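K.L.:
Questions regarding the structure given below will be posed in turn.
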Amino acid sequence: MLLTLIAIVVLLLVALGIWDFRQEKHTILRNYPVIGHARYILEKVGPGMRQYWVTNDKEEQPFNRDERSWVYRTAKKVDNHFGFGTTEQQYGIGYPIIKHAAFPFPADKIILSDDDPTTMPCMKVMGEAHGRKRPFRPKSIINVSAMSYGALGKHAISALNLGAAQAGAYHTTGEGGISPFHLLGADVIWQLGTGYFGARDASGAFSLDVVCRQVKENPQIRAIEIKLSQGAKPGKGGVLPGAKVTAEIAKIRGIAVGEACISPASHSQFHDVDSMIAFIERVADATGLPVGIKSAVGEFEFWDELSDRMIQGDCGPDFIVIDGSEGGTGAAPLTYSDHVSLPFKIGFSRVYQTFQTKGIANDVVWIGSGKLGFPDRAVIALSLGCDCINIAREAMLSLGCIQSQACHTGHCPTGITTMDPKKMRGLVIDNKATRLAEYLRGFREELYSLAHSAGLEHPGQFRPDQIEVSSGVNVFETLEKIMGYAPEHVPFAGMASLLESSKEEAKQ
């Protein structure tokens with residue numbers, strides 16, 4: 001009898017293992033049949049256990065359990081509401097409050113896209129101020145930030161691109177160059193880092209001819225982003241461990257198989273503000289595309305000089321991505337992650353105000369990055385002057401990332417940041433692409449809801465006087481007073497006009 005029971009249990013476990021191995025919804029179960037169920041069991045009983053053991057729902061970093069849960073639920077299109085009131089410390093220093101209007105935006109005047117009610121075009125056009133031949137208005141103000149093929153596996157990159165396409169968002173390539181997995185349907189912003197991967201000639205030097213050929217062959221490329229630095233490791237080049245450099249990645253980047261790919265800290269094509277602007281103009285003139293820069297914020301003289309040169313020559317970047325030190329998809333030394341460059345709100349505000357005082361803030365499309373993948377944080381970024389938001393780790397969470405913090409090791413258990421085909425198999429591209437799309441749509445839907453509650457038609461209309469921040473014991477002050485400015489007014493003729501303009505531009 002005992003042997004029979006054992007045999008039945010074994011058969012059931014084998015059947016369960018086969019089912020887990022073949023199902024396509026859960027990465028962990030595909031990669032770890034049977035034993036993977038332990039994670040979901042612990043996840044179920046965890047809230048009760050955590051009342052007595054380990055951490056509470058707000059303590060984990062960089063994303064706490066409630067934040068991850070909101071992303072997971074939104075991506076899976078299940079109930080993402082929370083019950084029994086807030087668990088936040090609302091009187092804590094720095095806590096933000098979005099001020100709702102006594103009379104919300106009228107429901108009968110809300111105009112949304114018939115194709116996708118969450119469609120949320122940018123209120124500005126990249127390249128319009130500088131007269132680029134092929135200006136670009138992002139169809140979504142929430143988009144996928146730069147993550148290279150190599151740092152992420154091909155299944156993850158493919159899911160990000162397909163999901164971005166489904167949601168009408170753009171997808172930034174990361175400095176690793178354009179791979180076939182970036183070209184599955186989404187608008188693409190091609191990032192050029194210090195290694196110029198995908199833009200080099202046979203000798204490994206930067207080639208404008210190669211850039212033009214890439215742009216001509218891939219009409220999905222809508223803009224080019226020159227990366228000066230990133231929040232994870234500002235002032236240091238990108239690092240791709242040798243274990244991640246497969247033959248395919250080596251071919252795309254033009255490097256040796258199995259050897260660590262370390263980008264230089266500085267660019268070879270320019271060395272100061274004047275030469276950087278000259279490089280931007282060369283690339284923009286040759287390709288016709290808007291060209292921008294991405295940077296973390298450290299020493300400030302650069303931004304002061306850049307804004308001065310842009311006034312004098314009516315030239316320079318068409319968009320600027322400010323990455324806060326909160327950013328962190330890249331592998332980095334601990335000190336760089338923790339102590340180099342300013343956090344987003346401080347860095348962005350200082351740069352924006354510099355351009356504002358010189359009258360050119362509206363000549364630039366401003367993009368924020370660095371833990372902004374939640375509606376409340378996006379509202380704050382928009383109220384400070386951002387036109388778009390780029391998200392990275394939150395997008396990874398929507399694909400099934402469990403914050404194991406093994407991104408740099410090549411052993412990511414969910415198959416996102418690894419080249420291991422066994423691990424990548426667990427990430428089913430179509431399923432995860434849909435989850436990213438639902439996350440982006442759910443994000444925008446909540447942003448619209450917040451805007452309407454505040455009496456606005458578009459989230460880009462948020463102002464810093466509509467946010468109050470705890471600044472002391474029982475003291476709340478407006479974000480405008482704390483930061484010392486309000487951004488420039490961006491002309492807005494209403495959602496009907498914006499949606500129509502976006503549609504017409506998409507046809508061109």
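K.L.:
Give the residue that is surrounded by the fewest Cβ atoms within 10 Å (Cβ to Cβ), with candidates limited to residues of region 168-224 that are part of a strand (DSSP E or B) and among the hydroxyl-bearing types (Ser, Thr, Tyr).
P.N.:
Tyr170
K.L.:
Just one of (1) out of contact with any strand residue (DSSP E or B) (no Cβ under 7 Å at 6 or more places or on another chain); (2) in contact (Cβ under 8 Å) with a residue 60 or more places away in the chain; (3) under 20 Å from Leu450 (Cα atoms) trips up Glu88, so point out which.
P.N.:
(2)
K.L.:
Restricting attention to region 135-155, report how many residues are at pLDDT 95 or above and among the aliphatic types (A, V, I, L, M).
P.N.:
Residues in region 135-155 being at pLDDT 95 or above and among the aliphatic types (A, V, I, L, M): 3 in total.
K.L.:
Can you go through Asp304, Asp318, Asp285, Asp376 and tell me which one is acidic (Asp, Glu) and within 22 Å of Ala395 (Cα to Cα)?
P.N.:
Result of the check over Asp304, Asp318, Asp285, Asp376: Asp376.
K.L.:
I want to confirm something. Restricting to region 434-457 and keeping residues that are farther than 17 Å from Gly373 by Cα and among the small types (Gly, Ala, Ser), which single residue is surrounded by the fewest Cβ atoms within 10 Å (Cβ to Cβ)?
P.N.:
Out of the qualifying residues, it is Ser453.
K.L.:
Still on this model: Take region 333-379 and flag every residue that is among the hydrophobic types (A, V, I, L, M, F, W, C) and not in a loop (DSSP other than H, G, I, E, B).
P.N.:
Within region 333-379, Leu334, Phe344, Ile346, Phe348, Val351, Phe355, Ala361, Val365, Trp366, Ile367, Ala378, Val379 meet the criteria.
K.L.:
Would you please name the residue that is modelled with the lowest pLDDT, looking only at residues in region 385-400 that are touching a helix residue (DSSP H, G or I) at 6+ places or on another chain (Cβ under 7 Å) and farther than 18 Å from Pro121 by Cα?
P.N.:
Gly400
K.L.:
I'm trying to understand the selection: among the residues of region 65-111, which are acidic (Asp, Glu) and either within 20 Å of the chain's Cα centre (by Cα) or in a helix (DSSP H, G or I) (or both)?
P.N.:
Within region 65-111, Asp66, Glu67, Asp108 qualify.
K.L.:
For region 458-484: of the residues being touching a Phe, Trp or Tyr at 6+ places or on another chain (Cβ under 8 Å) and assigned to a loop (DSSP other than H, G, I, E, B), which is nearest to Pro375 (Cα to Cα)?
P.N.:
The extreme case among them is His458.
K.L.:
Would you confirm, using the coordinates I've provided, whether Phe302 is in a loop (DSSP other than H, G, I, E, B) and surrounded by 15 or more Cβ atoms within 10 Å (Cβ to Cβ)?
P.N.:
No.
K.L.:
Looking at region 375-395, can you tell me whether even one residue there is surrounded by fewer than 18 Cβ atoms within 10 Å (Cβ to Cβ) and out of contact with any Asp or Glu (no Cβ under 7 Å at 6 or more places or on another chain)?
P.N.:
Yes, because at least one residue in region 375-395 is surrounded by fewer than 18 Cβ atoms within 10 Å (Cβ to Cβ) and out of contact with any Asp or Glu (no Cβ under 7 Å at 6 or more places or on another chain).
K.L.:
Separate question: So His408 ticks every box in (1) surrounded by 23 or more Cβ atoms within 10 Å (Cβ to Cβ); (2) in a loop (DSSP other than H, G, I, E, B); (3) at pLDDT below 95; (4) not aromatic (Phe, Trp, Tyr) but one. Which box is left unticked?
P.N.:
(1)
K.L.:
Quick one: how many residues across region 377-402 are over 16 Å from the mean Cα position of the chain (by Cα) and of a type outside the set (A, V, I, L, M, F, W, C)?
P.N.:
Qualifying residue count, region 377-402: 2.
K.L.:
Look at region 225-253 and say how many of its residues are at pLDDT below 75 and out of contact with any Asp or Glu (no Cβ under 7 Å at 6 or more places or on another chain).
P.N.:
Number satisfying all stated conditions: 11.
K.L.:
Give me the pairs: first residue in region 483-508 and assigned by TED's automatic domain parsing to the domain that holds Pro343, second residue hydrophobic (A, V, I, L, M, F, W, C) and assigned to a loop (DSSP other than H, G, I, E, B), beta-carbon distance under 6 Å, and six or more apart or on different chains, which are they?
P.N.:
Correct list of pairs: Val490/Met123; Phe492/Met123; Met495/Ile111; Ala496/Ile111.
K.L.:
Can you name the residue in region 305-323 that is part of a strand (DSSP E or B) and modelled with pLDDT of 95 or more and, of all such residues, is farthest from Ile226 (Cα to Cα)?
P.N.:
Across region 305-323, the extreme among qualifying residues is Ile322.
The rows are residues; the columns are (1) farther than 19 Å from Gly426 by Cβ; (2) at pLDDT below 80; (3) of a type in the set (Lys, Arg).
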{"residue": "Leu5", "(1), (2), (3)": "yes, no, no"}
{"residue": "Ile18", "(1), (2), (3)": "no, no, no"}
{"residue": "His26", "(1), (2), (3)": "no, no, no"}
{"residue": "Arg39", "(1), (2), (3)": "no, no, yes"}
{"residue": "Gly46", "(1), (2), (3)": "yes, yes, no"}
{"residue": "Asp66", "(1), (2), (3)": "yes, no, no"}
{"residue": "Lys76", "(1), (2), (3)": "no, no, yes"}
{"residue": "Asp79", "(1), (2), (3)": "yes, no, no"}
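K.L.:
With among the hydroxyl-bearing types (Ser, Thr, Tyr) and touching a residue at least 60 places away in the same chain (Cβ under 8 Å) as the only criterion, which of Ser203, Ser207, Ser158 stands out?
P.N.:
None of the other options fit; the residue is Ser158.
K.L.:
Give the residues of region 170-193 that are over 18 Å from Ala284 (Cα atoms) and in contact with a Pro (Cβ under 8 Å, 6 or more places away or on another chain), sorted by residue number.
P.N.:
Across region 170-193, the qualifying residue is only Tyr170.
K.L.:
Follow-up. For residues that are over 26 Å from the mean Cα position of the chain (by Cα) and hydrophobic (A, V, I, L, M, F, W, C), scanning just region 267-299, find the one that is surrounded by the most Cβ atoms within 10 Å (Cβ to Cβ).
P.N.:
Val273
K.L.:
Going by what's in this entry, would Asp323 be described as charged (D, E, K, R), under 28 Å from Leu456 (Cβ atoms), assigned by TED's automatic domain parsing to the domain that holds Leu162 and surrounded by 24 or more Cβ atoms within 10 Å (Cβ to Cβ)?
P.N.:
yes
Table: residues versus (1) more than 21 Å from the chain's Cα centre (by Cα); (2) surrounded by fewer than 22 Cβ atoms within 10 Å (Cβ to Cβ); (3) in the same structural domain as Ala486 (by TED's automatic domain parsing); (4) not acidic (Asp, Glu).
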{"site": "Leu334", "(1), (2), (3), (4)": "yes, yes, yes, yes"}
{"site": "Val351", "(1), (2), (3), (4)": "no, no, yes, yes"}
{"site": "Gln356", "(1), (2), (3), (4)": "yes, yes, yes, yes"}
{"site": "Asp363", "(1), (2), (3), (4)": "yes, yes, yes, no"}
{"site": "Gly368", "(1), (2), (3), (4)": "no, no, yes, yes"}
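K.L.:
Quick one: how many residues across region 58-113 are surrounded by 14 or more Cβ atoms within 10 Å (Cβ to Cβ) and among the small types (Gly, Ala, Ser)?
P.N.:
Qualifying residue count for the region: 3.
K.L.:
Identify the residue in region 149-167 that is of a type outside the set (A, V, I, L, M, F, W, C) and over 14 Å from Pro180 (Cβ atoms) and, among all such residues, is surrounded by the fewest Cβ atoms within 10 Å (Cβ to Cβ).
P.N.:
Taking the candidates together, the pick is Gln166.
The values are calculated or read from the model by the stated rules, or taken from the named source; none is laboratory data. Remember, predicted model here, so these are calculated numbers, not experimental data. Don't worry about glycine lacking a Cβ; one is built from the backbone with ideal geometry, like all the others, and counts go over all protein chains shown.
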